[in-house]
1. Please verify whether residue 31 is at pLDDT 95 or above, under 12 Å from the mean Cα position of the chain (by Cα), in a helix (DSSP H, G or I) and under 16 Å from residue 95 (Cα atoms), treating the condition exactly as stated.
2. Output the residues belonging to the stretch 73-101 that are touching a strand residue (DSSP E or B) at 6+ places or on another chain (Cβ under 8 Å), surrounded by fewer than 19 Cβ atoms within 10 Å (Cβ to Cβ) and at pLDDT 95 or above.
3. Touching a residue at least 24 places away in the same chain (Cβ under 8 Å), more than 21 Å from residue 123 (Cα to Cα), out of contact with any helix residue (DSSP H, G or I) (no Cβ under 7 Å at 6 or more places or on another chain) and buried (at least 16 other Cβ atoms within 10 Å of the Cβ) - does that describe any residue in the stretch 52-62?
4. Regarding the stretch 36-49, can at least one residue be identified that is surrounded by fewer than 20 Cβ atoms within 10 Å (Cβ to Cβ), under 30 Å from residue 76 (Cβ atoms) and touching a residue at least 40 places away in the same chain (Cβ under 8 Å)?
5. Just checking, does the stretch 7-15 include any residue being within 22 Å of residue 123 (Cβ to Cβ) and surrounded by fewer than 16 Cβ atoms within 10 Å (Cβ to Cβ)?
6. So, in the stretch 102-120, of the ones that are farther than 16 Å from residue 2 by Cβ and free of Cβ contacts under 8 Å to residues at least 24 places away in the same chain, which residue ends up surrounded by the most Cβ atoms within 10 Å (Cβ to Cβ)?
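The values are calculated or read from the model by the stated rules, or taken from the named source; none is laboratory data. All of these numbers come straight from a predicted model, not from anything done at the bench. FYI the Cβ positions are ideal-geometry reconstructions off the backbone, even for glycines, and counts take in every protein chain you see.
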């Protein structure tokens with residue numbers, strides 16, 4: 001079981017399926033909207049997807065099959081997220097992935113170097 005941020009999920013959905021195969025992924029429910037938005041962006045703005053529908057269906061299937069577990073943030077997670085956001089001057093929507101990994105004691109998979117460094121500092125690595 002891992003925590004994955006939206007960048008990692010998108011990479012697994014669009015390019016490297018092996019990243020998300022045989023893995024239970026935990027993410028805040030925000031990730032669903034970020035992933036779908038990125039798929040929309042690839043279709044409408046970047047133009048490297050003709051139709052994102054099949055990718056969206058895949059995301060929803062992974063959620064339904066509980067391969068991706070979406071967590072609705074509670075008071076504790078939001079509080080920890082806010083504290084980290086202030087401390088590292090990082091937006092809440094990025095920091096929540098770090099706070100979730102810390103709270104659950106799980107590895108965070110991300111392509112965001114700032115998130116990775118934040119987690120490492122908080123864990124004392």
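1. Details: at pLDDT 95 or above: yes; under 12 Å from the mean Cα position of the chain (by Cα): yes; in a helix (DSSP H, G or I): yes; under 16 Å from residue 95 (Cα atoms): yes.
The answer is yes for residue 31.
2. Just the residues of the stretch 73-101 that are touching a strand residue (DSSP E or B) at 6+ places or on another chain (Cβ under 8 Å), to begin with: 73, 77, 96-98, 100-101.
Remaining after also requiring surrounded by fewer than 19 Cβ atoms within 10 Å (Cβ to Cβ): 73, 77.
77, the sole residue that qualifies.
3. Restricting attention to the stretch 52-62, the residues satisfying the condition of being touching a residue at least 24 places away in the same chain (Cβ under 8 Å) are 55, 58-59, 62.
Cutting the leftovers down to more than 21 Å from residue 123 (Cα to Cα) gives us 55, 58-59, 62.
After this cut, where a residue has to be out of contact with any helix residue (DSSP H, G or I) (no Cβ under 7 Å at 6 or more places or on another chain) as well, the list is 62.
Still in the list and also buried (at least 16 other Cβ atoms within 10 Å of the Cβ): 62.
Yes, because at least one residue in the stretch 52-62 is touching a residue at least 24 places away in the same chain (Cβ under 8 Å), more than 21 Å from residue 123 (Cα to Cα), out of contact with any helix residue (DSSP H, G or I) (no Cβ under 7 Å at 6 or more places or on another chain) and buried (at least 16 other Cβ atoms within 10 Å of the Cβ).
4. No.
5. Looking through the stretch 7-15, none of the residues is within 22 Å of residue 123 (Cβ to Cβ) and surrounded by fewer than 16 Cβ atoms within 10 Å (Cβ to Cβ).
6. Narrowing the stretch 102-120 to residues farther than 16 Å from residue 2 by Cβ: 113-114, 117-118.
So of that shortlist, the ones also free of Cβ contacts under 8 Å to residues at least 24 places away in the same chain come out as 113, 117.
Numbers: 113: 8, 117: 13.
Restricting to residues being farther than 16 Å from residue 2 by Cβ and free of Cβ contacts under 8 Å to residues at least 24 places away in the same chain, the top hit is 117.
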